[in-house]
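Just so you know, all these numbers are worked out from the coordinates, no wet-lab data involved. These numbers were taken from a predicted model, which means no experiment stands behind them. Glycine gets a Cβ as well: all are built from the backbone with ideal geometry, and neighbour counts include every protein chain shown.
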Amino acid sequence: MTNTTLNDRALIRLSGEDVRGFLQGLVTNDTSGNLPVWAALLTAQGKVLFDFLIWGDERDLLIDCEREAAEALTKRLTLYRLRRAIAIAPEPDLAVHWAPQGDLGVVDPRLSELGQRWLAPGGEGEGADAAWRAHRLSLGVTEGRAELGDGTTLWLECNAIELNGVSFTKGCYVGQENTARMNWRQKVNRRLIVVPAAEADEKRQVVAYPDLGWSVEHRR
């Protein structure tokens, strides 16, 4: 049986006092409605620090993020927590799963063609990470700090509108002012795009995947 686990992903559990309200004032998307949603935590200037999916688990929230970024994201959220009675900790008993089609999970909120995603205990051995990355890049979808620029790229330049990663009706969050201004002015001068490796421009390249034949670039 195929192992559907995404081993490169980790889950952070938020539990306690009004966790939806806590994230609502921090992240780019609306946590008060249906979940999962794709969202980001930005700098005050509207540049991406972390991107992730947010899932609901009864009164708790689960953040589906890059494994290598999970510790840094946990620390950042803990700084914002202040004196709220909220616990922020790794969730070791669940894993993120993916399949390109089927009915095992929910449709990825970014783009239906990305396939199905769900949370369950992890499988053993090699997971689905390589297949997921190839599938995602073939659809032109970027994610993670290496591709999104690790604090150097504006959220709307990451195709956040097109991939349902931002709400313009939810109210304030970190980086909201510049993000809203860009949208109001309809002024996104550059974007992240995925191009065939043969068409790569080294001056605009963010990260290359020569084994997959793709290049992520920041172009006008």
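Potential lengthening of the chain between Ala198 and Glu71 amounts to 42.1 nm, from the contour at 0.36 nm per residue minus the alpha-carbon distance.
Taking the empirical scaling 2.2 N^0.38 Å for compact globular proteins as reference, the range 74-194 has a Cα radius of gyration ratio of 1.25. Highest GNM mean-square fluctuation among Glu66, Glu157, Glu58, for the chain modelled with Cα contacts below 10 Å: Glu58.
Anyone know which of Asn178, Asn189, Asn159 comes out most mobile in the 10 Å Cα GNM of the chain? Sorting by GNM fluctuation, first place goes to Asn189. Counting only the backbone N, which residues of the range 165-204 are under 17 Å from the spot 7 Å out from the Cα of Tyr80 toward its beta-carbon? Answer for the range 165-204: 165-180.
Spacing of the modelled spin labels on Leu212 and Gln45, each 7 Å from Cα toward Cβ, amounts to 2.8 nm. Working from label points 7 Å from Cα in the Cα-to-Cβ sense, the Phe168 to Leu139 distance is 2.4 nm. Across the chain, the fraction of Cα-Cα pairs farther apart than 33 Å, rounded to a whole number, is 13%. I need the shape label for the range 71-130. Rule: rounded when a/c is under 1.5, else prolate if a/b > b/c, else oblate, with a, b, c from the alpha carbon gyration tensor. It comes out prolate by the Cα gyration axes. Estimated at 0.36 nm per residue, the fully extended path between Glu124 and Ala87 surpasses their Cα-Cα distance by 10.5 nm. The stretch between Arg181 and Asn7 holds 58.9 nm of extra length on full extension. This uses 0.36 nm per residue minus the Cα-Cα distance. Sequence-ordered 3J(HN,Hα) estimates for the range 88-104 from the Karplus curve with 6.51, -1.76 and 1.60 and θ = phi - 60° stand at 10, 8, x, 10, x, 8, 10, 9, 8, 10, 9, 9, x, 7, x, 9, 7 Hz, glycine and proline given as x. Comparing Gly149, Gly46, Gly33 in a Gaussian network model of the chain where C-alpha atoms under 10 Å apart are linked, the largest mean-square fluctuation is found at Gly33.
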